[in-house]
Amino acid sequence: MKTTLDIINHAMQEHPNAALAFSGGSDSIVLMDVIFKRTDHRPVVIYADSGMEHPETLPFIRKVCKRYGASLHVAKPTRSYLEQWQAQGWPMLGKLAAVMWMQKHRDRDFGYRLNVTGCCRNMKILPARKLTKQLGCTLQFTGQRGNQDDALRGMRELKDGSICYIKADKLTVCNPLLGWTDMMIRRYIKQNKLQQHPAKARGAITIGCLYCGGGGQFTNSGFRILRHELPEQWRRFIVDNGAGEIILSIKYDKPLDPVREAVKSLGGISALADAHPWIFDFLRMRPLRGYDK
Ligand code: SF4
């Protein structure tokens, strides 16, 4: 805790106008509590609304900000999620796996691309950073952790440390929770009786974007959870947004055109979603064992 407070105090000394990026997830709930309860600093709070959020997220965030007396600002992307996916690629398989998939298929035109990094950057990171700067802040706190969260974040931790100037976005980003483990987060939430996001409280693995295919190759795929928990949103994603055909294309490793032909011969995507909804649950024939956080 001392290190975390030292990082926060040092950052605020250098950047008196700061913002806190708040997603409503466990890590950002802890960081909010640490800053607002254990320091006198009062950064403005930024929530990036990608348009794919759980229906409970914004009401929950408003409630939390009200409780701490924090000033909330909502950042929105300049394009819809579907425009983003059509322009740069669908957010499937995870950051590294999507890059590897693109490399593997570079000589075959699949009729679409995968790009998780571009989706996160344009739908969340950039809108939040832009709004941070518009509000006159020169630093943004995030609840991002490091190696204890996942290997990719561990590499970023090694590269950037807890405070880093992002040249491309002309903004300093500070991650005071580097070094916190899952256990520490859970213990802090329990000891301080912090209220969790309603979806997390009822057992959801993540409260992130409903349509993210980042974990779609694992047994705890978000597609399957979405189908069971929010069938209306699931149908919009699979049928209306065309994600069903993309999922089948990745799963069976076939370009989009033959997949569309096959779907048509089976009565169309809507009929398939009615009759065999589970075929859209995973991005692999045999999903990998899901991570358990
Ligand atoms: S979490 Fe997934 S869907 Fe949401 S912005 Fe990031 S890549 Fe896109």
Query raised in the report: Over its Cα atoms, what ratio of radius of gyration to 2.2 N^0.38 Å does the chain give?
Result: 1.05
Report summary line: Of the candidates His228, Ala273, Val263, the farthest towards the positive dipole end of the stretch 215-293 (Lys/Arg Cβ +1, Asp/Glu Cβ -1, centred on the Cα centre) is His228
Report summary line: Treating only Lys and Arg (+1) and Asp and Glu (-1) as charged, each at its beta carbon, one finds that the stretch 215-293 has a dipole about its Cα centre, in Debye to the nearest 20, of 260
Requested in this report: Would you mind ranking Met184, Met32, Met92 by Cβ crowding within 10 Å, fewest neighbours first?
Outcome: Met184, Met32, Met92
Query raised in the report: Once the other residues with Cβ under 13 Å from the Cβ of Gly268 are scored (Lys, Arg +1; Asp, Glu -1), what is the net sum?
Result: -2
Requested in this report: For the stretch 65-142 and the stretch 226-254, compute the distance between their C-alpha centroids and round to whole Å.
Outcome: 20
Query raised in the report: Which Cys residues of the chain have no other Cys Cβ less than 4.7 Å away and so no disulfide-compatible partner by this rule?
Result: Cys65, Cys119, Cys120, Cys137, Cys164, Cys174
Requested in this report: Mind ranking 267-278, 20-31 by how tightly packed they are, going by the mean number of other C-beta atoms within 10 angstrom, highest first?
Outcome: 20-31, 267-278
Report summary line: Residue-ordered couplings for the stretch 135-142, obtained by feeding phi - 60° into the Karplus form 6.51 cos²θ - 1.76 cosθ + 1.60 and rounding to whole Hz (Gly and Pro as x), are 7, x, 8, 10, 9, 10, 7, 10
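Antiparallel as a % of all DSSP beta bridges within the chain, to the nearest 5?
The antiparallel fraction comes to roughly 20 percent.
Let's see if you can work this out: charge +1 on each Lys and Arg Cβ, -1 on each Asp and Glu Cβ, no other charges. What is the dipole magnitude of the stretch 1-66 about its Cα centre, in debye to the nearest 20?
I would put it at about 280 debye.
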**Report entry** Percent of C-alpha pairs per 5 Å bin, the stretch 238-284, short to long
**Finding:** 5, 25, 36, 29, 5
Query raised in the report: Helix-derived [θ] at 222 nm for the chain: sum -39500 (n - 2.57) over DSSP H runs of at least 4, divide by residue count, nearest 500?
Result: -13000 deg cm²/dmol
Query - Cα centre as origin, Lys/Arg/Asp/Glu Cβ charges: the chain dipole, Debye - result: 480
Query raised in the report: For the stretch 226-235, what does the Karplus curve 6.51 cos²θ - 1.76 cosθ + 1.60, with θ = phi - 60°, yield as ³J(HN,Hα) per residue in whole Hz, taken in order and with x for Gly and Pro?
Result: 4, 4, 7, 8, 9, x, 5, 5, 4, 5
Report task. Excluding Arg106 itself, calculate the net charge of residues whose Cβ lies under 15 Å from the Cβ of Arg106, where each Lys or Arg counts +1 and each Asp or Glu counts -1. Result -> 0
Report task. Would you kindly compute the Cα radius of gyration of the stretch 215-293 and its largest Cα-Cα separation (Dmax), both in Å? Result -> 12.2, 41
Report summary line: Diffusion coefficient in µm²/s returned for the stretch 1-124 by Stokes-Einstein, Kirkwood Rh over C-alpha pairs, 20 °C and 1.002 mPa s, is 128
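Read-outs throughout are calculated quantities, based only on the coordinates presented, and are distinct from any laboratory measurement. Small disclaimer: the values here were computed from a predicted structure and weren't measured. For neighbour counting, all protein chains shown are included, and Cβ atoms are generated from backbone atoms with ideal geometry for every residue, glycine included.
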